[in-house]
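Read-outs: derived from the displayed coordinates by stated rules, not from any lab. Since we're looking at a predicted model, the values are computed, not measured. Glycine also receives a Cβ, built like all others from the backbone with ideal geometry; neighbour counts cover every protein chain displayed.
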Amino acid sequence: MAFEGLSERLQGTMTKIKGKGKVTEADVKDMMREVRFALIEADVNLKVVKEFVKKVSERAAGSDVMESLTPGQQVVKIVKDELTELMGGEESKINFSTKQPTVIMMVGLQGAGKTTTTGKLAGLLRKKHNRKPLLVAADVYRPAAIQQLETIGKQLTIPVFSKGTDMSPVEIARQAIEHAKAEHMDTVIIDTAGRLHVDEDLMQELKDIRALKEPDEIFLVVDAMTGQDAVNVAQSFDEAIGISGVVLTKLDGDTRGGAALSIRTVTQKPIKFIGMGEKLDALDVFHPERMASRILGMGDMLSLIEKA
Amino acid sequence: EKTRTGFTSKINDLVAKYRKVDEDFFEELEEVLLQADVGFETVIELMDDLRYEVQRKNVRDTSNVQSVISEKLVEIYQAGDAELNEINFADGLTVILMVGVNGVGKTTTIGKLAHRFKNEGKSVMLAAGDTFRAGAIEQLDVWGQRVGVDVIKQAAGSDPAAVMYDAVRSAKSRGVDVLICDTAGRLQNKVNLMNELQKVHRVISREVPGAPHEVLLALDATTGQNAMIQAQTFKDVTEVTGIVLTKLDGTAKGGIVLAIRNKLKIPVKFVGLGEKLDDLQPFDPQKYVYGLFAE
Ligand SMILES: Nc1nc2c(ncn2[C@@H]2O[C@H](COP(=O)(O)OP(=O)(O)OP(=O)(O)O)[C@@H](O)[C@H]2O)c(=O)[nH]1
Ligand SMILES: Nc1nc2c(ncn2[C@@H]2O[C@H](COP(=O)(O)OP(=O)(O)OP(=O)(O)O)[C@@H](O)[C@H]2O)c(=O)[nH]1
Ligand SMILES: [Mg+2]
Ligand SMILES: [Mg+2]
C-alpha cells in the first residue's frame with residue numbers, strides 16, 4: 001500500500017496527451033498538479049512544495065517539455081534534477097578543531113535517534129578518521145538514558161563520560177571536555193536529551209552547553225518519517241543554537257523522507273549522514289540524488305530516465 | 001495542551017478573513033489540513049463532503065460554516081460506530097501489548113498507562129519485552145519503580161517471546177489485573193522483526209484465551225504519511241485495537257490519525273502530552289479536531 005511515485009502519477013496525464021499528440025500549457029499545469037501531490041504525499045512541507053513547484057513550472061513551461069515526445073519523463077527529470085540540486089552536494093565530512101578536543105553536539109526531538117547516532121558516529125570517527133572519541137552522557141532526564149549510552153559505549157569499546165543524573169548537563173559537558181583534554185581524547189561527542197523546539201528552558205540548556213567551547217559540529221538528528229512539522233523543528237533548533245548539519249535517521253524504513261527537502265530548504269544546512277538501521281555501523285553518507293529519487297518514489301525508473 | 005483547549009484557533013481566523021464561503025476559502029482550509037499531516041486522500045474526500053454539506057445546508061455565512069466543518073471532521077473521525085476509546089478490560093487478567101516503530105514512545109506510554117491503571121485501583125505488572133535496544137530493560141525498570149509496579153524481565157538479548165511467556169505466567173499466578181507488555185521498536189518493513197512480533201502475540205494468546213485484550217500502536221504525532229503504512233502493517237500482523245498518539249505536546253498535529261481512522265477504522269485511545277507520568281489523556285475527538293486548526 002505504498003504511495004504511488006511521481007512517474008505513476010503522471011501516467012494518467014500522459015495518456016491524455018498521447019491522444020492529442022501535442023503538449024499544451026494546460027497539460028503542463030496538470031503535470032505540475034501531480035508533482036505537488038507526489039511531494040506532499042512524500043511529506044515535503046506544503047510551503048516548500050509551493051516554492052518548488054513554481055520553480056519547476058517555469059522550467060517545464062520551457063521548450064524542452066512542450067516539444068518533447070516524452071513529456072512525462074521530461075518533467076520527472078526536471079523535478080529530480082531540481083530536487084537533487086536543492087539537496088546540496090555530498091558533505092559527509094566532519095569539521096575537526098585544531099584546538100583539542102573537537103566538540104560535537106547531538107540535538108533533536110525526543111526519540112529521533114540521537115543516542116544511537118552518537119554511538120554510530122563515534123565508531124565511524126574512530127574507524128575512518130582514526131579519532132579517539134569520548135561519549136558524553138548529558139541526558140539526565142530520560143529514564144536510563146545514561147545506561148543506554150554506556151551500553152552502546154561498551155558495545156563499541158569507546159569510553160563514556162557520565163556523572164549520573166544529579167549533575168546538570170552543562171556541568172557534565174564542561175567536565176567531559178576537561179577530562180578529554182587531560183586524557184588526550186581528541187573528540188568529544190555530547191549526547192543531549194531529546195527536547196521540543198518550543199521548550200525554552202531546555203533550549204537554553206543547549207545554548208549553555210554550546211557556550212562552553214564552541215562546538216565544531218552541532219548535528220540536528222531528525223527522524224526521516226517526520227511530516228509537515230519538520231520545518232518548524234529544524235528552523236527553531238537552527239535559530240536557537242545554529243546547527244551545522246543534519247543526520248536523517250531511520251531511512252531503512254519505507255518512508256519517502258520528504259522532510260529532507262523541507263529541512264534543507266529552511267536551514268540551508270547540509271544533510272551529512274543517514275541512519276540506516278539500529279546497529280551501530282548503520283550510518284551512511286548522504287547522497288542527494290538517491291534522496292531525490294526516493295522522495296519521488298522512482299526506484300528503478302531512475303536508470304531508465306538516465307539512459308533516455 | 002495550550003493549542004488544544006479552545007476554539008480560538010486558526011479556523012476562526014480563517015473564517016474571519018472570508019466573507020463568503022467560496023473556492024478561496026476551501027482552498028485555504030485544504031492547506032490547513034495538509035499542513036496538519038492529514039494527507040491528500042482524506043483531505044480531498046473531506047473537501048468534497050464539506051462542499052456538499054455547505055451547499056445542502058445552504059450555508060453562506062462564514063460564521064456558520066465553522067460548526068459545519070468541525071461537525072464533519074468529528075463525524076469522519078467517528079465514522080459511524082460509537083467511539084471506542086475505552087480500554088477493553090477482561091474479567092480476570094487483562095493483557096495489553098504495546099507495539100510501534102522505533103522511538104515513538106512505547107515504553108514511556110507503558111509507564112503512564114501503568115500509573116493510570118494503578119490509580120484506578122488495579123494491580124499492574126510490566127513485561128520487559130524489548131530485549132534488544134541498549135538500556136531498554138533499565139528504562140522500563142525505572143518506570144516500574146516510579147509507578148511502583150513489578151517488572152518481569154530477563155537478560156538483554158534473550159528471546160522476547162520467552163519473556164512474555166514468563167510474564168504471563170507470573171501475572172496469572174500472582175493474580176494481577178493488568179499486564180502491559182513492552183516490545184522493541186521495529187520498522188514495519190522489517191519482515192523478520194514483524195514475524196518476531198507475531199510470535200510474541202501468539203505466545204500471549206496461547207497462554208491467556210482472548211489475550212492480548214488490547215494491542216496498542218504508538219504513533220508519534222510528528223510522523224507524516226508513513227504512519228498510515230505503519231498502522232496498516234501493524235494491524236495486519238498484530239490486530240491492533242487502538243492507537244496512542246504520542247508527543248502531541250509539540251507543534252505537530254498528528255493529522256494522519258484522521259486518515260487512519262477514516263481508512264482503517266482504528267480508534268485513537270490515548271494521547272501523549274509530555275514525558276511525565278500523568279501526561280496521558282483519553283483521546284477526545286473534538287479537542288483533537290480543534291487542535292488541527294490551532295496555530
Ligand atoms: N531502524 C532504525 N532505528 C533507529 C535508527 N536510529 C535510531 N534508531 C532507533 O530509534 C529509537 C530511538 O533512538 P535513540 O537513539 O534512543 O533516540 P534519542 O534521540 O536518543 O531519544 P531520546 O534520548 O529519548 O530523545 C531506538 O529504538 C533506536 O534503536 C535508524 O537509523 N534506523
Ligand atoms: N514530548 C513528549 N515526549 C515523549 C512523549 N512520549 C514519549 N516521549 C519521549 O520520546 C522518547 C522516546 O520514548 P520511548 O518511550 O523510549 O519510545 P519507544 O517507542 O519505547 O522507543 P524504542 O523502544 O527505542 O523503540 C523519550 O525521550 C520519551 O521521553 C510525549 O507524549 N511527549
Ligand atoms: Mg537519547
Ligand atoms: Mg521502548
task = Report, for the protein assembly as shown, the % of DSSP beta bridges that are antiparallel, rounded to 5.
result = 15
ask   = Straight-line reach from A:Lys114: which aspartates and glutamates have a Cα under 13 Å away, not including same-chain ones fewer than 8 places off?
value = A:Asp139, A:Asp191, A:Asp223, A:Glu278
key: Peptide B:247-256 - average C-beta neighbours from other chains (10 Å radius)   = 5
ask   = Dipole of chain A, Cα-centred, from +1 at each Lys and Arg C-beta and -1 at each Asp and Glu C-beta, to the nearest 20 debye?
value = 560
note = The ³J(HN,Hα) series, computed from each phi in the range B:22-33 with the Karplus coefficients 6.51, -1.76 and 1.60 at θ = phi - 60°, rounded to the nearest Hz and given as x for glycine or proline, is 10, 4, 4, 4, 5, 4, 5, 4, 4, 5, 4, 5
key: Spatially proximal aspartates and glutamates relative to B:Lys153 (Cα-Cα < 20 Å; intrachain offsets below 8 disregarded)   = A:Glu150, B:Asp130, B:Glu138, B:Asp141, B:Asp166, B:Asp177, B:Asp182, B:Glu196, B:Glu207
remark   = DSSP beta bridges in chain A: the antiparallel percent, rounded to 5, is 10
key: Cα-Cα P(r), the protein assembly as shown, percent of pairs per 10 Å interval   = 3, 16, 25, 25, 19, 9, 2, 0
ask   = Highest mean first, what order results for B:152-164, B:236-248 on Cβ atoms within 10 Å?
value = B:236-248, B:152-164
query = How would you rank B:188-196, A:43-51, B:126-134, B:220-228, highest first, on the average number of other Cβ atoms within 10 Å across their residues?
reply = B:220-228, B:126-134, A:43-51, B:188-196
key: Percent RCO, i.e. relative contact order, over the range B:100-192, from Cα pairs under 8 Å lying at least 6 residues apart   = 42
ask   = Which of A:Lys29/A:Lys77; A:Lys272/B:Lys112; A:Lys154/B:Lys247; B:Lys263/B:Lys287; A:Lys120/A:Lys269 have a Cα-Cα distance over 26 Å?
value = A:Lys272/B:Lys112; A:Lys154/B:Lys247
key: Cα-based helix-to-principal-axis angle, B:136-147 vs chain B, degrees rounded to 10   = 80
inquiry  = Please compute the average number of Cβ atoms from other chains found within 10 Å of each residue's Cβ in peptide A:227-237.
reply    = 5
request  = Please list the non-local residues whose amide H lies under 5 Å from the amide H of A:Leu134, H modeled 1.01 Å from N, same-chain partners needing a gap of 5 or more.
outcome  = A:Thr187, A:Val188, A:Ile189
key: chain B: C-alpha pair distances exceeding 26 Å, %   = 45
query = Of all the Cα-Cα pairs you can form in the range A:241-281, what percent are over 12 Å apart?
reply = 62
ask   = Long-range amide H contacts for A:Asp223: which residues qualify at under 5 Å (H placed 1.01 Å from N, peptide plane, sequence gap of 5 or more or a different chain)?
value = A:Thr249
message = Going by amide H atoms built from the backbone, whose H comes under 5 Å of the H on B:Leu280, apart from near neighbours?
response = B:Leu273
query = Short version: ³J(HN,Hα) in whole Hz for each residue of the range A:236-242, in order, from phi by Karplus 6.51 cos²θ - 1.76 cosθ + 1.60 (θ = phi - 60°), x for Gly and Pro, what are they?
reply = 5, 4, 5, 5, 6, 10, x
note = Note, the range A:31-39: 3J(HN,Hα) by Karplus (6.51, -1.76, 1.60, θ = phi - 60°), whole Hz, Gly/Pro = x, goes 5, 5, 5, 5, 4, 4, 3, 4, 5
inquiry  = Under 19 Å between alpha carbons, and skipping anything fewer than 8 positions from B:Lys190 in its own chain: which lysines qualify?
reply    = A:Lys250, A:Lys279, B:Lys106, B:Lys199, B:Lys235
request  = Quickly rank B:211-217, A:114-120, B:43-49 as a protection proxy: mean count of other C-beta atoms within 10 Å, highest first.
outcome  = A:114-120, B:211-217, B:43-49
remark   = Relative contact order of chain B (C-alpha contacts under 8 Å, at least 6 apart) in percent is 27
Relative contact order (percent, whole number), the range A:153-254, Cα cutoff 8 Å, 6+ residue spacing = 24
remark   = Ratio for the range A:192-296, C-alpha Rg to 2.2 N^0.38 Å, reads 1.07
